[in-house]
Amino acid sequence: MSTLDRFESVFNAAAREVFAHQPVEIGRVLLVHDLAEALQDDFLYLAKGFLSVLEERDKPGWELFGGHVPFSVREVLNAVEQAKPDLVVTYRHLHSTVGEWPHSLGEHVDVLTQATSTPVLVLPHPGRKDLPGHALKNTGRVMAVTDHLAGDHRLVSHAAHFTRDGGTLYLAHVEDDTVFERYIAAIGKIPDLDTDIAREEIRARLMVDPIEYIESCRDGLARGNQTLKVESRVKLGHQLADYRGLVEENEIDLLVMYTKDDEQLAMHGIAYPLAVELRATPLLLL
């Protein structure tokens, strides 16, 4: 390696992505449901109780859309466009005939999360009975996950805003071990590169970036008015299984993820598999 290349590597390694807090304000909430009139107040009470952190910080206005009479996906999108909410709250399998099948969120929710820029909070279906004991009580334990945590200021800022004072914000990053091993296998076929050194150095480098970013998040959030604990969960592993394990192990009340991808219509990265798998966990989809 030339002196110039070595200098560039040292310089790049020293460069750190530092958390920059982005203000989050939830002034209007649109609650979309398919319930009979007699059940609507109970569900509104449940949603407000779960999001008591917003009642304390933002005191948002709430508006309801829907009812037991079926409505189209277009009608939901029109309602969002007219109400211009800062947050949409709904639940899985809204007006869906496939509720018994756990393979999607239902067509209304699938489209809603992708066809609008408004954050969508997806709750378990109101008829679900086998929820964990901590479910829907509050947002004391919130986890943010992404394919690339470092630099995701908006994701972290939203996750922190939805974490109640005194609660715990988990910042999680799982580096895909299958992709890692594929690249190491390729390196192993290049005679001039030491595979063992490459494995250790690359693995360490992949862990350092998210760990340092999470530390900057901890420092940045500590300077704000909110009181919360920031926990780091960074590892090399199988993304879907490990994220699911982290959610269950830490009894997460709310999982925060990105869903938008400029290069495709489908949900971003690991978000959709997790959204389908974690049926008892509320999801904030940005």
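Every read-out reported here was derived from the displayed coordinates using simple, explicitly stated rules and does not represent laboratory data. Every value quoted in this text rests on a predicted model; they were computed, and no experiment measured them. So basically every Cβ, Gly included, is an ideal-geometry build from the backbone, and we count neighbours across all protein chains shown.
Per the helix-only calculation at 222 nm, which mean residue ellipticity applies to the chain, given -39500 (n - 2.57) for every DSSP H run of n ≥ 4 and division by its residues, nearest 500 deg cm²/dmol? Let's see the in-between values first.
Working: 10 runs with 118 residues, N = 286.
Only helices count here, giving -12500 deg cm²/dmol.
Sort ILE197, ILE270 so that the residue with the fewest other Cβ atoms within 10 Å of its own Cβ comes first and the one with the most comes last.
The most exposed by this proxy come first: ILE197, ILE270.
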Can you give the angle from 0 to 90° between the axis of helix 73-83 and the longest principal axis of the chain, with both taken from C-alpha atoms, to the nearest 10?
90
Test of the criteria: in segment 165-219, which trypsin sites (Lys or Arg not before Pro) are in a DSSP loop and have at most 15 other Cβ atoms within 10 angstrom of their Cβ?
LYS189
Once you place label points 7 Å from the Cα toward the Cβ at GLU200 and TYR45, how far apart are they in nm?
6.2
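State the extension gain, in nm to one decimal, for the chain segment bounded by ALA115 and LYS189, taking 0.36 nm per residue of separation less the distance between their alpha-carbons.
On the way: separation 74, 0.36 × 74 = 26.64 nm, distance 4.43 nm.
Length gained between ALA115 and LYS189: 22.2 nm.
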Would you mind calculating the gained length between PHE180 and GLU25 on full extension (0.36 nm times residue separation, minus the Cα-Cα distance), in nm to one decimal?
52.0 nm
Going by average Cβ density within 10 Å per residue, which order do the peptides 55-63, 29-37 take, highest to lowest?
29-37, 55-63
Of all DSSP beta bridges with both partners in the chain, the antiparallel percent, nearest 5, is 10
Under the 0.36 nm per residue contour assumption, what length would be gained going from the current alpha-carbon distance of ASN78 and ARG154 to full extension?
24.8 nm
What is the angle, in °, between the Cα long axis of helix 195-222 and the longest principal axis of the Cα atoms in the chain? Nearest 10 is fine, range 0 to 90.
50
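Treat every Asp and Glu Cβ in the chain as -1 and every Lys and Arg Cβ as +1, leave all other atoms uncharged, and give the resulting dipole magnitude about the Cα centre to the nearest 20 debye.
Working: 28 positive and 45 negative charges, 116 e Å.
Here the chain has a charge dipole of around 560 debye.
Calculate, for LYS59 and ALA241, the FRET efficiency according to 1/(1 + (r/R0)^6) with r their C-beta to C-beta distance and R0 51 Å; round to the nearest 0.05. Could the numbers behind the result be given before it?
On the way: r = 40 Å, r/R0 = 0.78.
It comes to 0.80.
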Run the quick spin-label model on ARG128 and GLU251: label points 7 Å from Cα toward the beta carbon, then report their separation in nm to one decimal.
1.8
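Given contacts defined as C-alpha pairs under 8 Å and at least six residues apart, what's the relative contact order of the chain, whole-number percent? Working shown, then result.
Details: 479 pairs, mean separation 65.2, N = 286.
Relative contact order, the chain: 23 percent.
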